[in-house]
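**Student:** Here you go, one structure.
Taken together, the values in this text are just the output of simple stated rules run on the coordinates, not laboratory data. Given the structure is predicted, the values throughout are model-derived calculations rather than measurements. When we count neighbours, we look across all protein chains shown, and the Cβ atoms used for this are built from the backbone with ideal geometry, even at glycine.
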């Protein structure tokens with residue numbers, strides 16, 4: 001964890017550029033930004049899970065529309081995934097088991113990205129579960145894909161750089 | 001490596017706890033669904049493939065390509081394309097109107113005044129994977145159209161059979 005967050009700056013760049021890069025690096029890999037990302041992702045995961053928990057049948061239909069899981073797994077996946085998201089969200093906000101939670105969040109986002117990417121290539125409209133070549137459909141899927149890539153970057157930053165800053169664990173037990 | 005597996009263990013516990021809560025909540029919730037659903041397409045009489053959400057008892061009757069062809073040539077028939085405008089412009093069944101199902105509330109007041117209530121309506125969309133035709137028929141049924149039929153084979157079957165098509169704004 002330390003090694004990634006403290007990459008040495010190359011010596012052959014001028015001092016000014018070096019200073020700026022160091023400043024940028026310090027911000028991008030800071031525990032403060034990790035806290036911000038953590039809270040944002042946590043609230044996002046909770047928000048995304050609530051609607052799915054309240055409307056399981058509608059969510060199962062969306063899972064079906066992806067045409068990736070076999071039929072017998074669709075309902076089970078639709079029942080369990082929203083709760084994984086909910087727990088992840090709560091743990092991210094509170095800062096419980098952050099290493100594992102951020103890793104799980106990153107894995108989940110990675111899976112979403114693959115699922116969306118596969119359907120973008122196949123040209124499957126996941127909104128209606130039908131194949132469509134309409135640009136409107138493609139752009140809505142690519143928009144979600146880009147969003148998920150950004151969220152994944154945030155989640156990886158949290159995983160690597162949180163340093164236990166303002167987590168529940170460190171509030172109760174001073175390291 | 002052992003550090004990595006230490007991180008995986010809590011993640012697996014979270015998934016397990018989520019599974020237990022999810023399944024229990026689903027049991028108690030009035031909106032709960034079966035643990036295993038029926039997500040395969042149904043094949044009805046006449047070899048007509050319909051999507052999993054099609055309800056034989058309450059939905060409008062589905063028709064085969066042969067039925068659609070014979071209806072196409074009879075009078076007082078209106079075909080309605082439930083796909084997006086982009087898809088419609090690229091190609092549609094010749095004579096069909098376009099009513100994009102996902103935006104039914106904005107499209108219906110523009111399209112439906114030209115569609116008499118007593119006409120026989122055939123709704124269709126992309127192919128048998130697609131449910132827009134089904135949802136369009138459900139909405140039109142609520143809006144007072146009683147003589148509705150759903151052509152699930154849709155655009156794909158129609159084109160494969162080499163039947164009359166049109167492109168652009170012209171029906």
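**Student:** With each pseudo-label sitting 7 Å past Cα toward Cβ, what's the residue B:167-residue A:62 distance in nm, one decimal?
**Tutor:** If labels sit at residue B:167 and residue A:62, their model points lie 3.6 nm apart.
**Student:** Just the Cα atoms of the protein assembly as shown, one point each, no solvent: what log10 I(q)/I(0) does Debye give at q = 0.13 Å⁻¹?
**Tutor:** Debye curve over Cα of the protein assembly as shown, log10 I(q)/I(0) at q = 0.13 Å⁻¹: -1.01.
**Student:** Counting just the Cα atoms, what span does the stretch B:40-102 cover along each of its three principal axes? Round to the nearest Å and put the largest first.
**Tutor:** Extents along the principal axes, in whole Å: 31, 29, 19.
**Student:** Based on the Cβ-Cβ distance of residue A:96 and residue B:66, what FRET efficiency does E = 1/(1 + (r/R0)^6) give at R0 = 35 Å, to the nearest 0.05?
**Tutor:** 0.05
**Student:** Show me A:149-159, B:155-165 ranked by packing, highest mean number of other Cβ atoms within 10 Å first.
**Tutor:** A:149-159, B:155-165
**Student:** Let me test this: with uniform point scatterers at the alpha carbons of the stretch B:1-109, what is the Debye-based log₁₀ I(q)/I(0) at q = 0.11, 0.14, 0.17 1/Å?
**Tutor:** For the stretch B:1-109, the Cα-only Debye profile gives -0.68, -0.85, -1.02.
**Student:** Using the C-alpha atoms of the stretch B:42-166, what convex hull volume per residue, in cubic angstrom, is computed?
**Tutor:** It is 101 Å³ per residue.
**Student:** Could you pull the Rg and Dmax for the stretch A:30-172, using just the Cα atoms, both in Å?
**Tutor:** 16.3, 55
**Student:** Averaged across A:98-106, how many Cβ atoms of other chains sit within 10 Å of each residue's Cβ atom?
**Tutor:** Per residue, the number of nearby Cβ atoms from other chains is 4 on average.
**Student:** Then there's this: Starting with the fewest neighbours, write out A:51, B:105 ranked by other beta-carbon atoms found within 10 Å of each beta-carbon.
**Tutor:** Ascending number of Cβ neighbours within 10 Å: B:105, A:51.
**Student:** Using only the alpha-carbon atoms, how far is helix B:132-142 inclined from the longest principal axis of chain B? Give it as 0 to 90 degrees, nearest 10.
**Tutor:** 70
**Student:** I would also like to ask the following. Under the definition of Cα pairs under 8 Å and six or more residues apart, what whole-number percent is the relative contact order of chain B?
**Tutor:** 24 percent.
**Student:** Can you pull the mean other chain C-beta count within 10 Å for peptide B:102-109?
**Tutor:** Across the residues of B:102-109, the mean count of other-chain Cβ atoms within 10 Å is 1.
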